[in-house]
Amino acid sequence: MSLESVVYRLQRNLDKRIQQLAISVTSGGVDNMETYKYIIGQINALEATKQEISNLLNDKEQNEGTVVDINSKNSLTK
């Protein structure tokens, strides 16, 4: 099994689990506030994991773009 297929399978499983948890919260399957907070924490953690995987797959470069030095010595306003 290739690495890409493992990653996509993991993403699908994360989505399924998030959906299951969301359904349990919205359908009244939570009987107390402690359980509610626990499930919301799980959803947040799974969403953060999904975002990290997505960021790694997109291979975004944060250092690209135009940089403007506003403290240069050749400034027009002295």
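Read-outs: derived from the displayed coordinates by stated rules, not from any lab. None of the values given here were measured: they were computed from a predicted structure. Cβ coordinates were reconstructed from backbone atoms using ideal geometry, including for glycine residues, and neighbour counts include every protein chain displayed.
Observations on the structure shown:
- Neighbours of ILE40 by Cβ distance under 15 Å: Lys/Arg scored +1, Asp/Glu scored -1, total -1.
- Estimated FRET transfer efficiency (THR49, VAL25; beta-carbon r; R0 25 Å; 0.05): 0.85
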